[in-house]
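The structure appears below as C-alpha cells.
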Amino acid sequence: MRTMVVWVPDWPALVHQGELAEAARGGGEPSPALAVFDKGVVLACTPAARALGVRRGMRRRDAQSRCPDLVVCDHRPEADARAFEQVVTTLEELSPGVAPLRPGLCALSVPERYYGGEPEAVAVMAEHLVGLGVWDVRFGIADGVFVAELAARRAPAQDSVIVAPGGNVDFLRDLPVEVLEVPAPAGPAAPGLDLVTVLRRLGIRRVGEFAALPAPDVLARFGAHGALMHRWSRGEEVRRISRRTPPPELVASVAFEPALERADAVVFSARQTVEDFVRRLDAAGLVCSTLRIEVDAEVAGEPRVSSRLWRHPRWFGSVDVLDRVRWQLSAAPPGGPVVAVRCVPVEVEPLGKHAESLFGGGPDDQVERSVARVQALVGPEGVRSVGVQGGRGPSDRRLSAAWGERPVAQRPRDRPWPGSVPPPAPATVFAEPAPAQVVGAEGMPVSVSGRGALSGRPARFRAGVDAAWQPVAAWAGPWPVDEHWWDEAAARRVARFQVVGVDGSAWLMVVENGHWWTEARYD
C-alpha cells in the first residue's frame, strides 16, 4: 500500500515558539533561538538555534555555550499533542484515515486518484498546512511507513521525496545504518545492545550491507529487535497504519427566535434538543461525564456568552442536563434574553466502562432519584457529597462538591504527606478549630520547640473554653508540620497531638505559636 508520511521538523520547538510569540504580541518580538529540553538534553530547536550550533542530543551547558541567548523550554508532550491535533484535523478534511505517529509526524494513505497523482496530492496538502501557519512541512511517499518516514526526512521544506512503487530496496541500499535508530513498535533492543554501534564495529556502514546478511544469523545475534530492523532494511513493511476514527460531532445547540427571558421557558424549549443530544451519545456507545453548558444572551443590545463546566459522578442523562441548564440560569442570570444554549461534551467515555453489574444498581438508583428531587427543591448547592483527598491536617483532607458533580481533588491521596496524622481518621472535623488548653503536672502550658521537643508531658487538658478540665489518660505526638515555608504570607508551623481523656473522649489537637486548638474529635 502506498503510504504518505507528513513530517513537521522540531514540532515541540515550533509549539513553544508560537506560544511565546502570542504572549509577546504587542510587546516586542520573542527570541528566535529556542530549544526544548527533555531530561537536560536538546529534543528540538528552531532553525535560528541550529544555525548557531545547537543540535539535537546536546547537553544544556553545551547548547548555551554555543548560543548564550538561547531560550530554554521544558518538554510538554501533552501540549505538543494538543497543538498537533489541528494539523491532523486539517489533513483529515483532505483525506480520511490519518494515523498520528507522534506529535509532528503522521501517516495516511495517498489520495492520488482524487487529486490526480501523488505530487498533486502533496501540493494540495502543503498548501493547506501553510495556510494553517505550518511553513516547514515535508512529505515522503513509499511502500510502507518506515521508508516513507525516511523519505520525508530527506525532503525539502513544503516538498516531497517520492519512492517509486517497488523501489524500497533501491532507496535504502546506500543509506547509512544510522537510519535504523528509528524506534521500533516492538520495543527497544535487548539490554546492553546498541545495534548501530555493533554493525559499525563489524564493518557494516550501509543499510544494503545489513540487508544482505542471512536472516537466521541476524535473529541469532541481535534477537527480535535486530530481526525487525533487518526486515525493514530489506524493504519489508511490518507496520500497518492504525488510522484513527474522527470523533463524531456531538455538540448540541438550540437557538430561540424570539429570545426567551424565563428560565423555565428556556428549559422547556431545549428539551427536544437535549434528548437528541443524549440519544446521539448512546448511538455512538458513549456517555458524557463532563459537560460545558454555554448560554448566549443579549444584554443592552450586545451579545454576551456565559458558560460553566459541570461534572457528573456517573454520566449525564437528559434530565440531568436540563437540571444543569435550569441551575445555571438561576445561579448566574445572563442579564438579558437568552438567544441560544449549547451543550458541549468535554469528557466522553465508552458506555461499557459505566455498565451496571449483573444484579443491577437498584438501591443506588433509588437514592440518586430521591436526592435529585430534594436538590430540585433546595438548589444545586443545597445538597453536597463528601470525599477524602490528600493532605496533612483533617481540614485539608476534606473534599466536598454539589451532589451530582464529580469532586475534583486538589491534592492526590496516593502521594506521601510527611507530618500527617496516622490513621484512624477523626470522625468529626470542626469547621473552625476551638481554643483548647493543655498543661503539664505543674500546671504550666505544654509547648513544642522548633525541633519538635516538648516542654513537659501533657497531664491535664480541656477541649474548649467552656469545657471542664480532665486528666490525660493517653496521648501521642507531636507530628510537626512546616508548611509553605517559602511563602512568608502563607507559612505555617504547627504540631499535632492525639489526646485521650479519662472519660474516654479522644481529640485531635494542634499547637501553633504557643496556642492550643481542637481540630477534630474521634468517635
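Restricting ALA189, ALA212 to those that are over 30 Å from SER95 (Cβ atoms) and either assigned by TED's automatic domain parsing to the domain that holds VAL147 or modelled with pLDDT of 70 or more (or both) reduces the list to ALA212. I'm told PRO111 meets every condition in (1) surrounded by 17 or more Cβ atoms within 10 Å (Cβ to Cβ); (2) of a type outside the set (Ser, Thr, Tyr); (3) under 30 Å from the mean Cα position of the chain (by Cα) except one. Can you identify the failing condition by its number? Looking at each condition in turn, PRO111 falls short on (3).
With respect to the conditions (1) more than 48 Å from the chain's Cα centre (by Cα); (2) farther than 25 Å from ALA431 by Cβ, SER447 falls short on a single one, namely (1).
Against the test of being under 29 Å from the mean Cα position of the chain (by Cα), crowded, with 20+ Cβ neighbours inside 10 Å and farther than 18 Å from SER160 by Cβ, the options CYS106, CYS67, CYS73 yield a single qualifying residue, CYS73. Counting residues in region 192-203 that are at pLDDT below 85 and touching a Pro at 6+ places or on another chain (Cβ under 6 Å) gives zero. Per the conditions (1) part of a helix (DSSP H, G or I); (2) modelled with pLDDT under 80; (3) surrounded by 17 or more Cβ atoms within 10 Å (Cβ to Cβ); (4) of a type in the set (A, V, I, L, M, F, W, C), the sole criterion not satisfied by LEU399 is (1). Considering region 278-307, and only residues there that are farther than 16 Å from LEU250 by Cβ and surrounded by 15 or more Cβ atoms within 10 Å (Cβ to Cβ), the residue that is nearest to the chain's Cα centre (by Cα) turns out to be SER306. Within region 136-162, the set of residues being part of a helix (DSSP H, G or I) and β-branched (Val, Ile, Thr) comprises VAL145, VAL147.
Per-residue answers, yes or no, for (1) assigned to a strand (DSSP E or B); (2) more than 19 Å from PHE277 (Cβ to Cβ); (3) out of contact with any Gly (no Cβ under 8 Å at 6 or more places or on another chain); (4) hydrophobic (A, V, I, L, M, F, W, C):
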residue: GLU298; (1), (2), (3), (4): yes, yes, no, no
residue: LEU309; (1), (2), (3), (4): yes, no, yes, yes
residue: ASP320; (1), (2), (3), (4): no, no, no, no
residue: ASP323; (1), (2), (3), (4): no, no, no, no
residue: ARG326; (1), (2), (3), (4): no, no, yes, no
residue: GLY336; (1), (2), (3), (4): no, yes, yes, no
residue: VAL339; (1), (2), (3), (4): yes, no, yes, yes
residue: CYS343; (1), (2), (3), (4): yes, no, yes, yes
residue: GLU347; (1), (2), (3), (4): yes, no, yes, no
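Regarding region 406-424, can at least one residue be identified that is modelled with pLDDT of 75 or more and of a type in the set (Ser, Thr, Tyr)? Yes - at least one qualifying residue is present in region 406-424.
The values are calculated or read from the model by the stated rules, or taken from the named source; none is laboratory data. Owing to the predicted nature of the structure, the values given are computational and were not obtained by experimental measurement. Cβ coordinates were reconstructed from backbone atoms using ideal geometry, including for glycine residues, and neighbour counts include every protein chain displayed.
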